[in-house]
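Remarks on the structure that follows.
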Amino acid sequence: MIGQLARKPVFLVALGYLLFVVVSAFWPRLFTAAGPYDTHPEAAILPPGPGHLFGTDTYGRDLWTRVLYGSPLTIEATLIALGIALVAGLSLGIVSGFFGGVTDALLMRVIDVLLAIPGLLLALSIVTALGYGTIPVAVAVGVGIVPGFARTTRAEVLRVKTLPYVEAARAAGASWSRVLLRHILPNSWGPVAVLAVLDGGVAIIAIASLSFLGFGAAPPAAEWGTLIADGRNYLVTAWWLSLLPGLFVALLVLSLNHISKTLQEITR
């Protein structure tokens, strides 16, 4: 599998960009010497150049630095959202697919109702009730993507549960709990892991969207959605204020989507 992935140059580029974003989130000083809140009024709204890779904003702050320092907030929120979706989605999908019957019917009707509501609208409703900030946004987005994980897990559990080695384990006297932990869960994990990578991009877009609308971290925190929103009034005179942070986020989402697609092709 590793050999197959190594022969895919676009996958390696996408993986490299993902690793760069993760490393820059934890150690931004490796890529910039400026501070995210350092203001220089005399250097306000400078276009991109050697001294300021992404230009400067209306307060003279280096936009490249603020994008890098905004990475931890969005990545933290994304990981929290995926953690909530994985735990809740896996639990619902396993219970529904494993026990079946009335339990399956009731849980899937609840999931169907959630699927009928657009994910961003559901997240917007939840974050309005919870309040503003990175954690409420993460919780709201996590709840919004739970149905996809629940459906995928249920489908995989139903598929694996009927395979011959599961029936052989039961015939050998293994309990249902042992069959679930030793056979069904490990063999149901592949598609769920691919979905987690794919939904990482979905979560980033949703979190950035909520931050763009003003539900994220309070100013002057450098969150990606907030940075894009700050430049929307200067699109004609200072296009880089919104375009370059947006391009940074878009490349990350495209990288995650390509990695997910490649892993799906390899694991088929």
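Modelling each spin label as a point 7 Å along the Cα-to-Cβ direction, I'd like the residue 239/residue 113 distance in nm, to one decimal. Computed distance between label sites residue 239 and residue 113 equals 4.8 nm. Within the listed set 222, 206, 172, the residue fluctuating most in the Gaussian network model of the chain (springs between alpha-carbon atoms under 10 angstrom) is 172. Computed from Cα positions, the angle between helix 63-99 and the longest principal axis of the chain comes to roughly 10 degrees.
How high is the relative contact order of the chain? Use alpha-carbon pairs under 8 Å, at least six apart in sequence, and give a whole percent. That works out to 23 percent. Compared with the dominant Cα axis of the chain, that is its longest principal axis, helix 240-267 is turned about 20°.
Across the range 90-218, Cα pairs under 8 Å and at least six residues apart give a relative contact order of 33 percent. Look at the dipole of the range 1-160 built from charges on Cβ: of 133, 16, 54, the Cα furthest out on the positive end belongs to 16. Both numbers refer to the Cα atoms of the chain; Rg and Dmax are 21.9, 78 Å. Normalised per residue, the accessible area of the range 134-268 is 45 Å², obtained with a 1.4 Å probe and no contribution from ligands, DNA or RNA. A simple charge model with +1 on the Cβ of Lys and Arg, -1 on the Cβ of Asp and Glu and nothing else charged puts the dipole of the chain at about 1000 debye relative to its Cα centre.
By how many nm would the segment from residue 261 to residue 178 lengthen if fully extended, with 0.36 nm per residue of separation less the alpha-carbon distance?
Numbers: separation 83, 0.36 × 83 = 29.88 nm, distance 3.21 nm.
Full-extension gain reported as 26.7 nm.
Which value results when the Cα radius of gyration for the range 133-236 is divided by 2.2 N^0.38 Å?
Values: Rg = 20.9 Å, N = 104, 2.2 N^0.38 = 12.8 Å.
Ratio of Cα Rg to 2.2 N^0.38 Å: 1.63.
The distance linking the range 47-118 with the range 11-28 is 18 Å (Cα centroid to Cα centroid, whole angstrom).
Just name one of 105, 259, 209: the one whose Cα is farthest towards the positive end of the charge dipole of the chain (beta-carbon charges, Lys/Arg +1, Asp/Glu -1). Result: 105. Excluding residue 57 itself, what net charge comes from residues whose Cβ is under 15 Å from its Cβ, given Lys and Arg +1 and Asp and Glu -1? Computed value for this residue: -2. Residue separation of residue 155 and residue 193 scaled by 0.36 nm, minus their Cα-Cα distance, works out to 12.3 nm of gained length.
The modelled label-to-label distance between residue 19 and residue 125, using points 7 Å beyond Cα along the C-beta direction, is 4.3 nm. Calculated accessible area for the range 1-104 comes out at 52 Å² per residue, all protein chains present (probe 1.4 Å; ligands, DNA, RNA ignored). Computed extension gain for residue 91 through residue 26, at 0.36 nm per residue and net of the alpha carbon distance, reaches 20.3 nm.
Please build a GNM for the chain, connecting alpha carbons under 10 Å apart, and tell me which residue among 123, 221, 140 fluctuates the most. Fluctuation is largest for 221. Solvent-accessible area assigned to carbon and sulfur over the chain amounts to 70 percent, based on a 1.4 Å probe. Can you tell me the orientation of helix 146-161 relative to the chain, as the angle in degrees between its alpha-carbon axis and the longest Cα principal axis, to the nearest 10? For helix 146-161, the angle is close to 30 degrees.
The values are calculated or read from the model by the stated rules, or taken from the named source; none is laboratory data. On a predicted model such as this, the values are computed, not experimentally measured, just so you know. Note that we place each Cβ from the backbone using ideal geometry, even for glycine, and neighbour counts take in every protein chain shown. In case anyone asks, the SASA skips ligands and DNA or RNA and just uses the protein heavy atoms, side chains included. Shrake-Rupley method; radii C 1.70, N 1.55, O 1.52, S 1.80 Å.
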